1. Compute the Cα gyration tensor for the range 40-195, then decide on rounded, prolate or oblate, letting a ≥ b ≥ c be the square roots of its eigenvalues: rounded whenever a/c is under 1.5, prolate when a/b is larger than b/c in the other cases, and oblate in all that remain.
2. Between helix 101-111 and the chain, what is the angle of the helix's C-alpha long axis to the longest principal axis, kept within 0 to 90° and rounded to the nearest 10?
3. Given axes a ≥ b ≥ c from the Cα gyration tensor, I'd like to know whether the range 114-198 is rounded (a/c under 1.5), prolate (a/b larger than b/c) or oblate.
4. Leaving out ligands, DNA and RNA, what percent of the accessible area of the range 1-93 is carbon and sulfur, probe 1.4 Å?
5. Using alpha carbon centroids, what distance separates the range 97-123 and the range 153-193, in Å?
6. Residue-wise, which Karplus ³J(HN,Hα) couplings in Hz belong to the range 152-168, taking 6.51 cos²θ - 1.76 cosθ + 1.60, θ = phi - 60°, and x for glycine or proline?
7. Tell me, what is the 1.4 Å probe accessible area of K148, in Å² to the nearest 10?
8. Roughly how many Å² is the accessible area per residue of the range 154-223, as a whole number, for a 1.4 Å probe?
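The values are calculated or read from the model by the stated rules, or taken from the named source; none is laboratory data. Quick caveat: nothing in here was measured; it's all calculated off a predicted structure. When we count neighbours, we look across all protein chains shown, and the Cβ atoms used for this are built from the backbone with ideal geometry, even at glycine. What goes into the accessible areas is simple: the full protein's heavy atoms, side chains included, and nothing from ligands, DNA or RNA. Shrake-Rupley method; radii C 1.70, N 1.55, O 1.52, S 1.80 Å.
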Amino acid sequence: EPIIQLVGLGKEFQTSNGPIKALDDINLSIERGEIFGIIGLSGAGKSTLVRCINYLEVPTSGDVLFENQSLSAMSSRQQRLARQSMGMIFQQFNLLAQRNVLQNVCFPLEIANVSKKEAVERAMELLELVGLKERAKAYPSQLSGGQKQRVAIARALATNPKILLCDEATSALDPNTTKSILGLLKEINKNMGVTVVVITHEMTVIEAICDRVAIIDQSHIAEVGCVTDIFSGP
Ligand code: ADP
Ligand code: ADP
């Protein structure tokens, strides 16, 4: 059962050198509960694709269906709710430097008008889940890269999303830290039933955790399938 469907999705950017087609006629289904990888070279359109899924970028053609409902046809309130169902993490973590770990994780709950008490309770649960309960009062600058990404994951899970979108989430991390973050994503997928979408330029990341993968090349989907079929050696 698909949780996300991309239907003839296109995105064009207007630049001083004329239009750039970042995505062209993308058709893709992401199933509920899977770990789906999107791999491609730099500039292929991966980041734009994942940002269209949660409408951080509005597509210029085609449509995104979330749980069979068209995002473009939703009211702004429904769009906001759909967005809350999609957490996102980034290569550079994007934590708020002026806020401590706990305040970072509480932030999306504040925006969602959750009471302070309830927000703190939920945030502490999530910090325990990611192994950072003891660092709740620390500031991002005091954390390692892996710890920062753990905080970002806790923050992304705060509103109880159905999907976690990961944009090069391990690209700034060393191999061992990458392994531990991928392990955490796998656990979240398995134990919480969160669908995970992983964007990367690294094959090792796809092989480590993805069920299925789409290869994106120059704004197009070149291939989609099970990781074992697509990347099996000769
Ligand atoms: P990837 O994530 O695979 O590196 P992107 O989605 O970031 O690729 O970019 C795809 C193409 O779209 C690139 O040619 C990039 O320069 C262009 N692009 C992305 N964002 C913008 C933007 N805001 N304005 C203009 N061009 C953009
Ligand atoms: P780094 O190597 O940059 O410190 P890691 O992602 O390896 O970052 O670990 C961040 C913190 O989380 C560390 O303090 C580590 O002890 C802890 N940690 C690692 N894996 C787990 C886990 N599965 N459960 C709970 N805590 C963990």
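1. Details: a/c = 1.89, a/b = 1.28, b/c = 1.47.
Since a/c reaches 1.5 but b/c is at least a/b, the shape of the range 40-195 is classed as oblate.
2. Between helix and principal axis, roughly 60 degrees.
3. Working: a/c = 1.97, a/b = 1.16, b/c = 1.69.
The shape class here is oblate.
4. Working: 2090 of 4400 Å².
Heavy-atom surface of the range 1-93 belonging to carbon and sulfur, 1.4 Å probe: 47 percent.
5. A separation of 19 Å, based on Cα centres.
6. For the range 152-168, the Karplus-derived couplings read 4, 5, 4, 5, 5, 8, 4, 8, 6, x, 8, 10, 10, 9, 10, 9, 6 Hz, x marking Gly and Pro.
7. 50
8. Numbers: 2940 Å² over 70 residues.
Averaged over the residues of the range 154-223, the accessible area is 42 Å².
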